[in-house]
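A quick write-up on the structure given underneath.
Bear in mind these aren't lab numbers, they're just calculated from the coordinates by the rules spelled out. Note that the structure is predicted; figures quoted are calculated from it, not measured. Heads up, the Cβs are rebuilt from the backbone with ideal geometry, glycines too, and the neighbour counts pull from every protein chain shown.
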Amino acid sequence: MTTQALTTAHWAGLAQVHKFGGTSLADAGRFRAVAAIVQQHCATPEQCWLVVSAPGKTTDQLCQLLDMAARGEALEPVLAEVQHSLTTLVQQSLTEPEQSDVLAQLQQWLALLPELAQAGRAADVLALGESVSALLLSRLLRQLGLAADWLDSRQFLTVDGQQVRWDQSEQDLQALCQPGIRVVTGFIGRDLAGNSLTLGRNGSDYSATILGRLVQAEQVTIWTDVDAIYSGDPRRLPAAVPYQQVSWRQACLLAELGNPVLHARTLSPLHNSQTKLLVRSSFEPERSGCHILPDADCLASFVTDLHDMVLLSMHQLHGLNASWLANALHQPVIALPQSCDAHVWLLPARVADEAVQLLARHQVHAVHDTSRYYAVAWLKPAQVQQADLPADVAACVKRLAPAHRYQNHELAIWLFDQELSAVNLAQLHQCCTQPRPEIQLIVAGTGNVGAEFLRLLPGHQQRCHSHALRLAVLFNSRQMVFEPDNGLELAQQMQQGRPLDQKALLAEIAQLKGPKVLIDLTPSQQLAEQYPAFIEAGCHLISANKQGVTLPEAEYQAILDRLDQQQLHWYSTTTAGAGLPVQRALQELHSAGDQVRRISGIFSGTLSWLLCQYDGSSAFSDLLLQARELGYTEPDPREDLSGRDVQRKLLVLARTMGCSLELDDIALEPLLPESLAGDSWQAFWQQRAEFDALMQAAWQQAQQQGLQLRYVGELSLTEAGVQARVRLVQVPASDPLAAILPCDNVFVIESDWYQELPLVIKGPGAGRTVTAGGVHADLAQLCQQLPAAAYSSRLS
Ligand code: ADP
Ligand code: ASP
Ligand code: MG
């Protein structure tokens, strides 16, 4: 094949450029792995171009050498280190005769280093790393039987200031064309005067795409040490999501933000070209990698960070812009979105003075801030490219309290006084890239339980990984507040509201996007009767209010049917036993295949307390008064004594078991006989002696038989049907119904699996915290039932 036949036009559209980064060439083993990839991917050597970085940390060592030379320090220790690592690399990679040949060349280059470093010829010093890689890889390929030679990019790549001289570079490249695989040095080039220059740290990516354009490559593959571009640095963020595709626009932004996965200018040479760009792992070459696609939507979401940054302010730019400065300094320079006249750029502190001087030479007066910041940038996916941050991200950022925040529709940048801890960075990454779908909370009731529910809400909001719990509406029987500020006291929140207007409330709720849930923490029958309207507006239901779950069977069933039709859920675990997981236990037994035969228990904390305390020594009504004073009873304690609450709870349990029952199907023997209840509290109080006598007699009778009094609900499920009743009973001290503390609720479940010994669930069955906590447990259950979300374009 003649040299003439190998013009760039000849291989146009066919050439392949493969770039291998420093981590892919860190030692002899990695060189061999790269050679194997080349063997596999370069079936037609003439079409194959390789671009290489310096091995491993060589460029870092050479930078150190330059710094030491600039400070006039002795270079020997670092020189010895460079010599040792590169010599070992060559020895371990090649056999003779190539080994001696390459070592001789290496010695010559190393010998020049001290003089070049002392003369401040940085690019010539740095060029050593890429030159060694190119020479070494070409010889290794030859040893494997492939036609290969290396090419110093300073022989053809001409850069004028920030611009590649395309025509000249192409001509010079053509003149150098030889058959076989060409292994080209990345990172370096020459200026118009022929002096060496570098393209900035990480610049071999840019070299690869420059070459890709010069040879009109079909594809440029950036082989690195990660199998894809991830939503964050996978080495520091184990939860980072790999993307199979990334849009051109987002890859550009990510690169301009100084992310190491691609050098800032990598994409520019391929703009408007047909050349495909791919990022793959040389450590896992079997994986397909990540395509950077010009036409792809910006669906990915990225978090990237920058250390030790300062702010630079200018009033006039005289036509200059941040990317001009970034290219001049080979450093990320980010123009921050500002509302005032000043232009503010963010850039690394170590080049701030240089930037000010450079700008001054172009008549731009710039001053830099003395504060140093740790910056985190979020590249927003198209789904949330809007002025406001999603609630979840906003809440996370608020908690982290950045010193400054900037954002436009594509990008948010937060500046912190200190580096974020790994945990905080991981949390920020999590809410930016794996968004929790919002669930809108519509909270009804601002009494005891309502206030406690809201107090516990921020903790739950932080803990809940699957959903962002957004307090959307708060209302009580008088007022309603939309988007309440949960940072305020409840009373203040309600003050910001307007009078309750049922129609307006439902209309507002219907407009809320995504899943929503009515959390009924009221005792209101009226609200329970309106559940169908809330379901119509798309609400799941969580009720601490017993009224709904004990509505007449037809209404109750109608609610269940509506929920079913709309695929909505209803949780009401706190309606019996407050936070005790009784309904959950019954449901789990049922779904696991057990057959519950009987449930009995003490479901009234008030009656539990009264009967545990009562020892016949004083009047029962005195004890009742005491309980009222302690706040254990309803405002009118006769409500507790009526047993109706116990009857309702038994109905709740029966319905949990799937029994269709009305309240009146449950036989009720009140503790206070209706004949003694009186119309008014005074009327009752006047005849309390009669009630006291009844209680005294019952107690004595039990006492004589060594038994104890308990007010109990019982439900039996037999072949013949359901039997349910509520009454005062006498039980032996060994019975689970006896062995309780005052105020305890106890639920005794007998089933096929729990025959000999029943399953007993016991504990406080009332109280604001356990009830509000139980409502949060219901909310957590609901969240688990709902589908989760993450930004798409994932690698499967
Ligand atoms: P090379 O030596 O191949 O040029 P670099 O070290 O320059 O590789 O870049 C790859 C590194 O970039 C990865 O090892 C990874 O730690 C880091 N990185 C940071 N952010 C990302 C990201 N979003 N996706 C993938 N890698 C990332
Ligand atoms: N070797 C250079 C550096 O370490 C260029 C590169 O790796 O892309 O920055
Ligand atoms: Mg790199």
When the distances between all Cα atoms of region 433-538 are binned every 5 Å from zero, what whole-number percent does each bin get?
2, 12, 24, 26, 20, 12, 4, 1, 0
Taking the alpha-carbon distance from K516 and a cut-off under 13 Å, which aspartates and glutamates remain once sequence neighbours fewer than 8 residues away in the same chain are dropped?
E438, E508, E536
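Sort region 161-231 into rounded, prolate or oblate with this rule: let a ≥ b ≥ c be the square roots of the eigenvalues of the Cα gyration tensor; rounded if a/c is under 1.5, and if a/c is not under 1.5, prolate when a/b is larger than b/c, oblate otherwise.
Numbers: a/c = 2.08, a/b = 1.35, b/c = 1.54.
It is oblate, given that a/c is not under 1.5 and a/b is not larger than b/c.
Can you give the Kirkwood hydrodynamic radius for region 508-600, in Å, rounded to one decimal and based on Cα pairs?
On the way: mean 1/r = 0.0700 Å⁻¹.
When all Cα pairs of region 508-600 are included, the Kirkwood radius is 14.3 Å.
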Per principal axis, largest first, the Cα atoms of region 388-428 extend in Å by 27, 19, 15
Rounded to the nearest 10 degrees, the helix 122-143 long axis (Cα) sits at an angle to the longest Cα principal axis of the chain of 90 degrees
Taking amide hydrogens as modeled 1.01 Å from N in the peptide plane, which residues meet the under 5 Å criterion relative to G765, leaving out close sequence neighbours?
N745
Taking the square root of 5λ for each eigenvalue of the C-alpha gyration tensor of the chain, the equivalent ellipsoid has semi-axes, largest first and in whole angstrom, of 77, 28, 23
Under 16 Å between alpha carbons, and skipping anything fewer than 8 positions from K649 in its own chain: which lysines qualify?
K546, K762
Any residue on another chain or 5+ positions along whose placed amide H is under 5 Å from the amide H of L277 is listed here as V220, I292
Compute the distance from the alpha-carbon center of region 135-184 to that of region 625-703, in whole Å.
95 Å
So what is the relative contact order for the chain, in percent, with contacts set as C-alpha pairs under 8 Å and at least six apart?
9 percent
Helical contribution to [θ] at 222 nm, DSSP H n ≥ 4, -39,500 (n - 2.57), averaged over the chain, rounded to 500:
-12000 deg cm²/dmol
Under 17 Å from the Cα of K19, which aspartates and glutamates turn up, not counting those fewer than eight places away in the same chain?
D27, E46, E130, D149, D152, D205, E218, D225, D227, E284, E286
Cα long-axis angle, helix 582-592 against the chain (0 to 90 degrees, to the nearest 10):
70 degrees
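Only counting other Cβ atoms within 10 Å, I'd like C432, C464 sorted with the fewest neighbours first.
Details: C432 28, C464 17.
Sorted ascending by nearby Cβ count, the order is C464, C432.
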Under-5 Å amide H pairs with K19, H placed in peptide plane, nonlocal only
V51, T221, I222, W223
Any chance you could give the angle, 0 to 90 degrees and rounded to 10, that helix 76-93 forms with the longest Cα principal axis of the chain?
90 degrees
Output ³J(HN,Hα) for region 182-198: one whole-Hz value per residue in order, computed from phi by the Karplus curve 6.51 cos²θ - 1.76 cosθ + 1.60 with θ = phi - 60°, and x for Gly and Pro.
9, 9, 9, 6, x, 6, 10, x, 9, 8, 5, 8, x, 7, 5, 9, 10
Short version: ³J(HN,Hα) in whole Hz for each residue of region 702-708, in order, from phi by Karplus 6.51 cos²θ - 1.76 cosθ + 1.60 (θ = phi - 60°), x for Gly and Pro, what are they?
5, 4, 4, 9, x, 10, 10
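Which order results if V132, V384 are arranged by neighbouring Cβ count within 10 Å, fewest first? Don't skip to the end; give the middle numbers.
On the way: V132 26, V384 17.
Starting with the residue having the fewest Cβ neighbours, the order is V384, V132.
What net charge is computed for the residues neighbouring L580, neighbours being all others with C-beta under 12 Å from the C-beta of L580, Lys and Arg scored +1, Asp and Glu -1?
On the way: positive: R584, K649, K762; negative: D744.
Here the count lands on +2.
From the gyration tensor of the Cα coordinates in region 144-290, what semi-axes in whole Å does the equivalent ellipsoid have, largest first, with each one equal to sqrt(5λ)?
28, 18, 14
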Cα gyration tensor shape of region 66-142, rounded if a/c is under 1.5, else prolate or oblate by comparing a/b with b/c
prolate
Apply the Karplus parameterisation 6.51 cos²θ - 1.76 cosθ + 1.60, with θ equal to phi minus 60°, to every residue of region 531-539 and state each ³J(HN,Hα) to the nearest whole Hz, in sequence, with x for glycine and proline.
3, x, 5, 5, 5, 4, 7, x, 8
Relative exposure of D392, D778, D308, judged by other C-beta atoms within 10 Å (fewest first):
D308, D392, D778
Rounded to two decimals, the Debye log10 I(q)/I(0) of region 289-408 (Cα scatterers, no solvent) at q = 0.10, 0.17, 0.22, 0.23 Å⁻¹ is -0.38, -0.97, -1.28, -1.33
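Please compute the contact order of region 492-565 in relative form: average sequence separation of alpha-carbon pairs under 8 Å and at least six residues apart, divided by the residue count, as a percent. If you can, show how the numbers build up before the last one.
Working: 59 pairs, mean separation 22.5, N = 74.
Relative CO of region 492-565 lands at 30 percent.
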